[in-house]
Amino acid sequence: MAVVPFSHLQLCRMRRDLSAALQTGDWISVSELDRRLAQALDVAANDSGRDLGVLLEELTQILLLYKQLLEGCQATPAHLSS
């Protein structure tokens, strides 16, 4: 059984929380969580106990989440103008 570093758990929690805020349209939380996720990414990337493969998988999930965020931002002006 592999031990998951705390920094990786924090990264997963931040991603999950950002996803939830995005789904509910809580843009204040999205902004705060975006900042905190950037910090968590830095910590996880520099963690000497990190599993690079697992970290890369998490980064892929984060990139997909940011893709959704960008798509939502692009759709919002169109929605507001109609």
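No lab work stands behind these numbers, since they all come straight from the coordinates. Predicted model only: the values in this text are computed from it and were never measured. Note: ideal-geometry Cβ built from the backbone for every residue, glycine included; neighbour counts use all protein chains shown.
Summary table
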read-out	value
Cβ-placed point charges (K, R +1; D, E -1), dipole of the chain about Cα centre in debye, nearest 20	60 debye
For the chain, the fraction of alpha-carbon pairs in successive 5 Å shells from zero, as %	3, 15, 24, 21, 15, 10, 6, 3, 2, 1, 0
Mean ellipticity per residue at 222 nm, deg cm²/dmol - from DSSP H runs of n ≥ 4 across the chain, formula -39500 (n - 2.57)	-29000 deg cm²/dmol
Rough spin-label spacing in nm, given labels placed 7 Å along Cα→Cβ, for residue 69 and residue 20	1.7 nm
